[in-house]
Amino acid sequence: MTKQLVFFLTILLLLPLMALNQTLLPPPLQHDFLKLTSYDELSSYINEVSKTSGRMKVEIIGQSVKGRNLYAVTFSEKEFAIDQNKLRVLLFAQQHGNEQSGKEGMLLLIHELLKPENRYLFEKIDLALIPQINPDGGEMNTRRNANKVDLNRNHMILTEPETIALHSFFDRYLFEATLDVHEYSPYGEPWEHYGYRKNSDITMGAATNLNVALAIRDLSNQELLPFVFNYLKERKFSAFTYCPGGPPEESYIRHSTFDVNDGRQSLGIQNTFSFIQEGMNGKDDSIENIRHRSEGQMTGMRGMLEYCFRNAGKIKTLVSESRKLLTEPPVPTMVSIQSIHKSNGSILPLPLYSYATGKDTVVNVKDYRPVVASLTDTEKPEAYLIPADCTLLTDWVKRQSLKQIPYIYNPGDRIQQYHIGVIDSIDFEGDRIVNPVVTLQELPVIPAGKKFIRVPLDQLKGNLIILALEPQSMLGLVTYPQFASIIQQEKIFPVLRLHNNFITNHTK
Ligand SMILES: [Zn+2]
């Protein structure tokens with residue numbers, strides 16, 4: 001062997017190590033958690049790292065209100081989202097700009113995933129990470145985006161560029177498992193007055209809306225959540241079920257809202273294996289304890305990836321079968337449009353921190369309502385007909401990227417129209433919202449001279465569409481001020497229900 005050849009082979013052997021040495025530390029480790037990572041630092045870090053990594057790529061999925069890039073970082077053994085056998089997982093953080101540890105934790109996660117010992121994950125997973133979906137809020141350290149909109153209440157009406165970007169990214173790849181990463185603040189005055197506050201490093205919850213496939217909700221609660229909680233505890237992070245509400249004795253504790261306008265349920269309602277994770281925020285949105293907070297967030301996300309890796313096949317099958325229930329021509333089925341949180345008699349042992357003793361303790365919560373029960377169901381029609389001149393609704397259809405076609409009347413079409421009577425109100429998780437009295441009438445013919453677009457329900461967002469368009473839906477468009485004008489007392493509701501007796505028999 002010549003000297004040159006030995007030299008050449010040595011270099012070849014050392015190359016991977018040299019590449020590893022070049023791996024940049026993520027910004028939180030670069031500045032040792034003494035400050036938060038800015039948008040500029042985040043963007044230069046991921047762009048720099050992606051240049052040298054074979055597995056990681058950066059994609060710009062949209063722009064914020066102020067024109068900042070919304071980045072997705074993808075990881076794949078080969079090319080992202082080409083191999084249909086891979087489980088597609090999406091994690092996204094910092095919808096709320098003042099919840100910084102999700103982004104910091106995701107930067108730590110990127111660093112972890114670049115390590116050779118974690119490469120095995122990508123034998124089964126194609127992963128996308130969005131570390132900062134609200135960069136404008138992140139830079140200002142505010143909950144809302146630059147339009148002062150709470151993005152995590154915007155997934156139904158989709159008026160903001162950030163939520164639109166997230167959903168079009170989701171729609172493009174149809175991720176099978178998702179996690180929306182947040183922080184919770186336990187420091188409120190009612191809690192201080194109560195003498196205790198929540199103190200779990202990480203809380204995590206699954207989809208709770210009744211129209212999410214039961215099999216998905218069951219696997220979430222029976223397997224994934226216990227797995228991740230255990231994963232966290234083994235790594236010295238306290239973990240508990242995501243349960244907003246309280247303090248006990250003042251207000252009940254539930255497993256969060258069943259509304260589908262947030263990051264978890266808007267994807268869950270499409271029969272995605274979908275979760276929320278909340279780490280504990282610093283007092284007054286400060287960077288207090290930011291290292292521990294970020295590491296906790298990272299560990300929760302890593303735990304979820306571990307579960308997904310170990311159960312990739314099972315999740316893929318479950319999601320695929322559950323989605324077929326949505327995308328195949330609808331069979332007669334009932335959809336819950338009004339629900340309520342109920343007790344099942346159980347008592348919740350809630351881990352809390354005592355202001356008096358400075359120690360952790362457990363308080364048994366009696367007013368605990370873990371069950372979501374339906375108050376009102378409606379029969380799933382085959383499609384809704386939306387007046388073509390109602391731009392408020394047709395624009396919403398476009399923003400949601402719904403399947404739609406101009407409607408042509410067929411003999412045999414059964415069309416139903418709502419007449420709105422008195423508009424009463426109903427309690428929805430502590431708020432009063434509209435609750436109209438409605439009567440459903442059969443229309444003998446389509447209203448003369450009116451054009452409609454047909455929005456069929458055999459699509460992934462089928463159940464979301466029902467929840468949006470039914471006038472009595474607690475989660476409906478009519479409950480948003482922007483859409484309030486479409487419902488009026490003693491008037492006809494503009495959206496019609498269509499049942500076509502022939503359509504259920506068609507072959508695909
Ligand atoms: Zn949040």
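Can we say residue 81 is in contact with a helix residue (DSSP H, G or I) (Cβ under 8 Å, 6 or more places away or on another chain) and either crowded, with 22+ Cβ neighbours inside 10 Å or farther than 17 Å from residue 174 by Cα (or both)? Please lay out each step first, then the result.
Numbers: in contact with a helix residue (DSSP H, G or I) (Cβ under 8 Å, 6 or more places away or on another chain): yes; either crowded, with 22+ Cβ neighbours inside 10 Å or farther than 17 Å from residue 174 by Cα (or both): no.
No: the conditions fail for residue 81.
Across the range 387-415, what is the number of residues that are under 33 Å from the mean Cα position of the chain (by Cα) and outside any helix (DSSP H, G or I)? Even if it seems obvious, please write down each step before you answer.
Going residue by residue through the range 387-415, those that are under 33 Å from the mean Cα position of the chain (by Cα) are 387-407.
Right, trim to outside any helix (DSSP H, G or I) and you get 387-390, 400-407.
Count: 12.
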Query - Lone unmet requirement of (1) crowded, with 24+ Cβ neighbours inside 10 Å; (2) outside any loop (DSSP other than H, G, I, E, B) for residue 145 - result: (2)
Query raised in the report: Any chance the range 164-182 includes a residue that's assigned by TED's automatic domain parsing to the domain that holds residue 311, under 21 Å from residue 58 (Cβ atoms), acidic (Asp, Glu) and surrounded by fewer than 18 Cβ atoms within 10 Å (Cβ to Cβ)?
Result: yes
Requested in this report: Give me the pairs, please: first residue somewhere in the range 133-144 and assigned by TED's automatic domain parsing to the domain that holds residue 96, second residue anywhere and at pLDDT below 95 and within 12 Å of the ligand (Cβ to nearest atom), beta-carbon distance under 8 Å, and either six or more positions apart or on two chains.
Outcome: 141/285
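Does the range 143-166 include one or more residues that are among the small types (Gly, Ala, Ser) and within 14 Å of the ligand (Cβ to nearest atom)? Walk me through it before giving the result.
Just the residues of the range 143-166 that are among the small types (Gly, Ala, Ser), to begin with: 146, 165.
Then keep just the ones that are within 14 Å of the ligand (Cβ to nearest atom); that gives none.
Among the residues of the range 143-166, not one is among the small types (Gly, Ala, Ser) and within 14 Å of the ligand (Cβ to nearest atom), which makes the answer no.
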Query raised in the report: Of all residues in the range 55-103, how many are farther than 15 Å from residue 144 by Cα, within 16 Å of the ligand (Cβ to nearest atom) and part of a strand (DSSP E or B)?
Result: 2
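This table checks each residue for (1) in contact (Cβ under 8 Å) with a residue 60 or more places away in the chain; (2) in a strand (DSSP E or B); (3) touching a Gly at 6+ places or on another chain (Cβ under 9 Å); (4) more than 21 Å from residue 230 (Cα to Cα).
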| position | (1), (2), (3), (4) |
| --- | --- |
| 298 | yes, no, yes, no |
| 322 | yes, no, no, yes |
| 339 | yes, yes, no, yes |
| 345 | no, no, no, yes |
Query raised in the report: Looking at (1) more than 29 Å from residue 198 (Cβ to Cβ); (2) out of contact with any Leu (no Cβ under 8 Å at 6 or more places or on another chain), which is the one condition that is false for residue 371?
Result: (1)
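Scan the range 176-187 and tell me whether some residue there is away from the ligand (no atom under 16 Å from the Cβ) and modelled with pLDDT of 95 or more. It would help to see each step written out before you state the result.
From the range 176-187, those away from the ligand (no atom under 16 Å from the Cβ) are 176-177; that's our starting set.
Narrowing the set further to residues that are modelled with pLDDT of 95 or more leaves 176-177.
Yes, because at least one residue in the range 176-187 is away from the ligand (no atom under 16 Å from the Cβ) and modelled with pLDDT of 95 or more.
For the range 203-212, check the following and say yes or no: at least one residue is within 16 Å of the ligand (Cβ to nearest atom) and under 13 Å from the mean Cα position of the chain (by Cα). Talk me through it step by step, then tell me what you get.
If we filter the range 203-212 for residues that are within 16 Å of the ligand (Cβ to nearest atom), which is where we start, we get 203-205.
If we keep only those that are under 13 Å from the mean Cα position of the chain (by Cα) too, we end up with 204-205.
Taking every residue of the range 203-212 in turn, at least one turns out to be within 16 Å of the ligand (Cβ to nearest atom) and under 13 Å from the mean Cα position of the chain (by Cα).
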Query raised in the report: Yes or no: residue 380 basic (Lys, Arg) and surrounded by fewer than 18 Cβ atoms within 10 Å (Cβ to Cβ)?
Result: no
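The values are calculated or read from the model by the stated rules, or taken from the named source; none is laboratory data. Not measured: the values here are computed from a predicted model. Quick reminder, even Gly has a Cβ in these numbers, built from the backbone with ideal geometry, and neighbours come from all protein chains shown.
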